[in-house]
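Enquirer: Quick one: the structure is below, and I'll ask about it shortly.
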Amino acid sequence: METVQVEENKDNSPVRLFAVDALRGLIIVFMALDHANMFIAHKHSPGEYWGSGFPIYYDSLAFLTRFVTHLSAPGFFFLMGVGMFLFADARQKRGWGKWAVISHFFIRGLILITIQLLVVNRAWELSGEGWPTIYVGVLFALGAAMIISSLLLWLKPIYLLLIAAALFIGTEFLVPAPELWGTFQFADPNDYIKAIWTFPGGNAALWSNYPILPWLELVVFGILFGKWIQKDQEQAYSGAFKIGLGFLLAFVVIRYLDGFGNILPRMGNTWIDFLNLVKYPPSITFTLLTMGLNLVLLGLFSRASAKVQTFLYPLVVYGRAPLFFYVIHLFLYAGLGLWLAPGGTSLLVMYPYWLLGLLLLFPLCFLYGRLKQRPPVNRVLRYF
């Protein structure tokens, strides 16, 4: 998760981008809801996979609780790309060379992968659901995507657009036929490579939810958008809103046709069936819907008045400490679940616990954000 979203003033002083921070803060709040659901309510869906038994919802609240959290993962990858370019642009104006920038992101990417394997996976084990020895989760994919995309930062926009489009459409071709789910025995090392790079799956030894290539498209798209912000911030945010609406329209059309772009056909004809999409890996419809909503929100946040910005300040605080929030909130909600609801509870009871967690995390994120700005500590914490 790239936490540094800056542009340069004429005097070369860094300026925070409110809309970017606020959007990241909002999807962090949604992410916390998803994990509170898992650790406390124990009503988390089994996962919207490309070939397994797809989750069926008979309760609108249960579905909506899961649905809003779908904005989180695509938003994180996209905003990481935005932040990577703006960080690189700001540092090059301060005299950094290209290899210094690439080295920075290489180290950050390795740190994210290490935190996933050594720290975050221990938190998942507290859920009591049973986890594989090696879990390729979102931090692993973010770290790998950061390393790869650091080599793409200086490509022309047209090339970035072509790469993003190829990955966006190509995801559909990377996924095996749904009826092959369960046929991969992972006796062949190549099956593990496929799980890490192309489509989710695995066994007790290794399980991948976030293969790298299907999510890399969003980082590349974020880099492209970062270039747009750097060139004309007002036009970029206005364009984000319009592109978001276009994505939503394309989603409706492709989902209605129920063919290419869905990976799996609709399970029925209710509004829940229409919005219940394949996330693992992100189908074309999933990406269009979630990124459409994220881009519309980004455009709206960019138009926020001073009063609205003050009201949304808590989101900005969370949005400026994403990695810190991510790691701490997993153990916090796991602890709350084990202490207050070891056998699970209803969603209505879970919601106050979710808000309690956010309340406890706010001062911690505020203090961490302040600490990151202080030298010489910031030289180390900029990697986190």
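Where a number appears in this text, it was derived from the coordinates with a stated rule and is not lab data. Just so we're clear, the structure is a prediction, and the values are computed from it rather than from any experiment. Every residue, glycine as well, gets a Cβ built from its backbone with ideal geometry; the counts of neighbours run over all protein chains shown.
Enquirer: Between Trp96 and Gln233, what's the calculated FRET efficiency when r is the beta-carbon distance and R0 is 25 Å? Round to 0.05.
Expert: Between Trp96 and Gln233 the formula returns 0.70.
Enquirer: Under 22 Å Cα-Cα from Lys279, which lysines qualify once same-chain neighbours fewer than 8 residues away are excluded?
Expert: Excluding near neighbours in sequence, the set is Lys43, Lys194.
Enquirer: In addition: Sort out for me the Cα centre separation of the range 191-250 from the range 295-345, rounded to whole Å.
Expert: 21
Enquirer: Return a whole-number percent for the relative contact order of the range 25-139, with Cα pairs under 8 Å and 6 or more residues apart as the contact set.
Expert: It comes to 22 percent, rounded to a whole number.
Enquirer: Are there DSSP H segments in the chain that both extend 20 Å or more along their axis (alpha-carbon positions) and score a mean Kyte-Doolittle hydropathy of at least 1.0? List them, or say none.
Expert: Taking the DSSP H segments of the chain (at least 20 Å long, mean hydropathy at least 1.0), we get 18-36, 98-115, 157-174, 212-231, 284-302, 322-340, 347-372.
Enquirer: What is the distance in Å between the Cα centres of the range 95-164 and the range 49-88?
Expert: Their Cα centres are 17 Å away from one another.
Enquirer: Counting other beta carbons within 10 Å of each Cβ, put Arg370, Arg91 in order, fewest first.
Expert: Arg370, Arg91
Enquirer: Based on the Cβ-Cβ distance from Ala204 to Val308, what FRET efficiency comes out when R0 is 56 Å, to the nearest 0.05?
Expert: Efficiency at R0 = 56 Å is approximately 0.70.
Enquirer: Then there is this: Quote the charge dipole size of the chain about the Cα centre in Debye, to the nearest 20; the model charges only the Cβ of Lys and Arg (+1) and of Asp and Glu (-1).
Expert: So the dipole magnitude of the chain works out to roughly 1400 debye.
Enquirer: While we're here: Among all the lysines, which ones have a C-alpha under 20 Å from Lys98's C-alpha, if same-chain residues fewer than 8 places away are not counted?
Expert: Lys156, Lys227, Lys231
Enquirer: Which label belongs to the value computed from this structure, given these candidates for Cα extents along the principal axes in Å: [x] 59, 54, 52; [y] 54, 43, 34; [z] 57, 47, 43?
Expert: Read-out taken from this structure: [z].
Enquirer: Then there's this: Can you return the lysines within cross-link range of Lys307? Criterion is Cα-Cα under 26 Å, with same-chain partners fewer than 8 residues away left out.
Expert: Leaving aside lysines fewer than 8 places away in the same chain, those within reach of Lys307 are Lys242.
Enquirer: Along the positive direction of the dipole of the chain (beta-carbon charges: Lys, Arg +1; Asp, Glu -1; about the Cα centre), which of Phe173, Val317, Gly244 reaches farthest?
Expert: Positive-most Cα among the choices belongs to Val317.
Enquirer: Show that you can apply the helix-only estimate: for the chain, add -39,500 (n - 2.57) for every DSSP H stretch of four or more residues, divide by all residues, and state [θ] at 222 nm to the nearest 500.
Expert: Estimated from H runs of four or more residues: -20500 deg cm²/dmol.
Enquirer: While we're looking at this one, here's another question. Given a Förster distance of 41 Å, report the FRET efficiency between Tyr383 and Val349 from their Cβ-Cβ distance, rounded to the nearest 0.05.
Expert: So, using R0 = 41 Å, E works out to roughly 0.60.
Enquirer: What is the range 98-154's relative contact order, in percent, from Cα pairs under 8 angstrom and six or more apart in sequence?
Expert: Dividing the mean separation by the residue count of the range 98-154 yields 53 percent.
Enquirer: Turning to a different aspect of this structure: Just add up the charged neighbours of Leu71: K/R +1, D/E -1, any other residue whose Cβ is under 13 Å from the Cβ of Leu71.
Expert: Once all neighbours under 13 Å are counted, the net charge is +2.
Enquirer: Between Tyr256 and Ile107, 0.36 nm times their residue separation minus their Cα-Cα distance comes to what?
Expert: Here the answer is 49.3 nm.
Enquirer: Please report how far the C-alpha centroid of the range 255-293 lies from that of the range 364-384, rounded to the nearest whole angstrom.
Expert: First find each Cα centre; the distance between them is then 40 Å.
Enquirer: Please report the relative contact order for the chain, taking Cα pairs under 8 Å with a sequence separation of at least 6, and give it as a percent rounded to a whole number.
Expert: Normalised by residue count, the contact order of the chain is 29 percent.
Enquirer: Here's something else I'd like to know. Give me the distance in nm between label points sitting 7 Å out from Cα along the Cα-to-Cβ direction at Thr114 and Phe362, one decimal.
Expert: 3.4
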